[in-house]
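Student: I am attaching a structure below and will ask some questions about it afterwards.
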């Protein structure tokens, strides 16, 4: 049984039920991230709009990212349970609506609502784990929960491929509903807390500036070179707006009493370096999970089920290394464990550079596994170490900053990858300076390549040209992903050496 902690004195916990509910919450987030990746090529082939491909990920990641620190602050003020219940509820509504989509625009909007809810799931679940376990237990249990995440993520792509091929892609969203409702029931029964309120205020101004700044940055990366020239007026306006809004956000955060992004916490070396390394590692993760299924189905002609099984290799490597991360962290220290993860992530990213339409499936599967193993070490090590740096009343926001960094990296770099993919495809299929209409027509030509029925109707010469263009474009994506992995590794080398400070218990300051 877990040891009673000073900060749970006024919290009623039924451990088996609570752990079950948290496992379901983890599964909720993990299933959604992988099940959509393998199904999206099929969705695009049905709804059309390959040029909007990246937006299905981008808007979800954007709304998830900007709400993570807000939920972290809310959890420190109002308690963990009500905030997690709110997030799960919004996620379920977004999931149900996504399943009803008839156009790509509807799907993108509903995915945005899903992201608003998903912003609460991972950080609050991880924060509760930090609350109820000691340091040694937490290092072990974060690995256990990552294993649960990995098992759900393995089921996600496999189940997604099966549902898409045998029934309908809409079921990949509806399946979230029963999982989420079970999690809600477990939280209501197994976890009750009483939190004393002291007139805390939520930094809505900082949150709004963060949302606007990241949105402008995302629009700039996704639309540049396709909807408008990189050097055009719209591109310049968005770039200037993004910088201005983010600078304004930083100034607000430095002056507000309770910022949504606490630069005081980020001023600690371990937290700052860990979060920055995690940011770039998030780009590596999204490059693999978002675009590898497209390569497998479009360039290699594999089925959605096969693509799901290959991507599942990442979900096997991640929990296995997470389970070992606690032992490595406690014995060899934060830097050794995190740097080992960075080396593995860089090695797996390098393997993706060898992909070709005729490659065997072992190559992408091994690359996925190695990247997943690296990310498991990086994520678990930095999260456990950061949680040990702060007391209860700051643990929610400290946990959220780490997960926010990973999500921010995924959000920004998925936009960059989308710009690289679309730009490379347009140049390959329509020339270097096509009109906007010609660029859109060029991208629309990719749609039939993403399904077996569409591919069957393509002339051999046309199919060869499209496969070459997709292979060429996605190779550029993986070059950038490999560079991001090397940058993350370089940053993680700056972490302090030696073991974690202690297994001390923070004092309960909620009263």
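Student: Report, ordered by the first and then the second residue, all pairs with beta carbons closer than 7 Å, sequence separation of six or more or different chains, a first member in the range 235-261 that is closer than 13 Å to residue 208 by Cα, and a second member that is surrounded by fewer than 14 Cβ atoms within 10 Å (Cβ to Cβ).
Tutor: 253/263
Student: Identify all residues within the range 347-368 that are crowded, with 24+ Cβ neighbours inside 10 Å and under 17 Å from residue 303 (Cβ atoms); write none if there are none.
Tutor: 364, 368
Here's the yes/no breakdown for (1) in contact with a strand residue (DSSP E or B) (Cβ under 7 Å, 6 or more places away or on another chain); (2) under 22 Å from residue 402 (Cβ atoms); (3) at pLDDT below 80; (4) in a helix (DSSP H, G or I):
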| site | (1), (2), (3), (4) |
| --- | --- |
| 22 | no, yes, no, yes |
| 30 | no, yes, yes, yes |
| 33 | no, yes, yes, yes |
| 37 | no, no, yes, yes |
| 43 | no, no, yes, yes |
| 56 | no, no, yes, yes |
| 66 | no, yes, yes, yes |
| 69 | no, yes, yes, yes |
| 85 | no, no, no, yes |
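Student: Out of all the residues in the range 338-346, is one or more in contact with a helix residue (DSSP H, G or I) (Cβ under 9 Å, 6 or more places away or on another chain), surrounded by fewer than 19 Cβ atoms within 10 Å (Cβ to Cβ) and assigned by TED's automatic domain parsing to the domain that holds residue 23?
Tutor: yes
Student: Further, regarding this structure: Can you give me the number of residues within the range 355-381 that are free of Cβ contacts under 8 Å to residues at least 12 places away in the same chain and either part of a helix (DSSP H, G or I) or touching a helix residue (DSSP H, G or I) at 6+ places or on another chain (Cβ under 6 Å) (or both)?
Tutor: Result for the range 355-381: 1.
Student: From the list 485, 456, 462, 444, which one is at pLDDT 85 or above, exposed (fewer than 15 other Cβ atoms within 10 Å of the Cβ) and in the same structural domain as residue 294 (by TED's automatic domain parsing)?
Tutor: 462
The values are calculated or read from the model by the stated rules, or taken from the named source; none is laboratory data. Since we're looking at a predicted model, the values are computed, not measured. Heads up, the Cβs are rebuilt from the backbone with ideal geometry, glycines too, and the neighbour counts pull from every protein chain shown.
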